[in-house]
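Here is the structure we will look at, set down as structure tokens.
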Amino acid sequence: MKKWVIISICCLLTLSLILSGCEKKDKLSIQNKEKIEKITLPNSKDDVIDLELYFDSSKDNKQSEIAKEERLIKKDEFIGELIIHELIKGPTVNSKLRPILPKNTRLLSFSIKDKIAYVNLSKEASTKMSSNKEEASLKGLIWSLTSLSSIEKVKILVENKNIDTLGGNFDISKPLGKTDLDNAKKK
């Protein structure tokens with residue numbers, strides 16, 4: 001009888017720990033969604049952000065002066081850059097997900113033209129990998145960026161150069177969309 005009570009208590013404790021963990025995750029997800037909804041971009045109009053940047057305008061070393069320079073940045077290009085930086089950073093520490101790009105990869109440039117995102121990565125992004133790993137990397141990049149309405153395809157460059165493959169298994173010499181990956185697999 002005592003054995004039955006001990007097993008029941010252990011099961012209840014385990015169940016309560018599991019359920020409390022789920023609740024915390026859900027609360028975190030809700031808090032993150034609320035934070036995202038509160039984000040507003042400064043002086044944003046339609047599809048551009050009007051930024052005020054301040055640079056050194058000193059005429060000599062005796063006094064410090066700065067002057068304002070205004071810049072217009074396309075929202076989707078700004079968000080696209082953020083997406084790539086987050087993909088390079090990798091999943092959260094608590095996540096069981098794995099990164100899709102090597103940690104030391106850098107984004108050299110990002111632009112959008114004719115619904116194609118041009119992603120220029122450092123040479124660290126191009127490394128020999130299994131077919132499944134490369135597919136996951138390409139899908140991660142393509143699916144993440146095409147979540148923006150202004151992007152339908154992604155063209156990956158390395159060190160400002162067109163490359164044939166990122167990891168040796170897929171032909172990425174042309175821009176790829178969500179439906180193009182199956183045809184891009186090298187035979």
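What follows is calculated from the coordinates using simple rules that are stated; it is not laboratory data. As the structure is a prediction and not an experimental result, all values here were calculated from the model. All Cβ positions, even for glycine, are placed from backbone atoms using ideal geometry, and neighbour counts span all protein chains on display.
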I want to check the label-to-label distance for Tyr54 and Asp171. Put each point 7 Å from Cα in the C-beta direction and report it in nm to one decimal.
5.4 nm
For a 21 Å ceiling on Cα separation, which of these pairs sit above it: Lys75/Lys185; Lys89/Lys161; Lys74/Lys155; Lys103/Lys178; Lys89/Lys139; Lys89/Lys113?
Lys75/Lys185; Lys89/Lys161; Lys103/Lys178; Lys89/Lys113
Which peptide among 137-145, 168-176 comes first, and what is the full order, when sorted by highest mean count of other Cβ atoms within 10 Å?
137-145, 168-176
Distance (nanometres) between label positions extended 7 Å along Cα→Cβ at Ala67 and Tyr118:
3.0 nm
For Cα pairs less than 8 Å apart in space and 6+ apart in sequence, what is the mean separation divided by the residue count of region 95-136, i.e. the relative contact order in percent?
36 percent
Counting only residues 5 or more places away or on other chains, whose amide H sits under 5 Å from the amide H of Leu166 once H atoms are built in the peptide plane?
Ile172
Would you pull out the residues with amide H under 5 Å of Gly177's amide H, same chain only if 5 or more places away, H placed 1.01 Å from N?
Val154
Binning at 10 Å from 0, report for region 56-187 what percent of all alpha-carbon pair distances ends up in each bin.
12, 40, 27, 11, 8, 3, 0
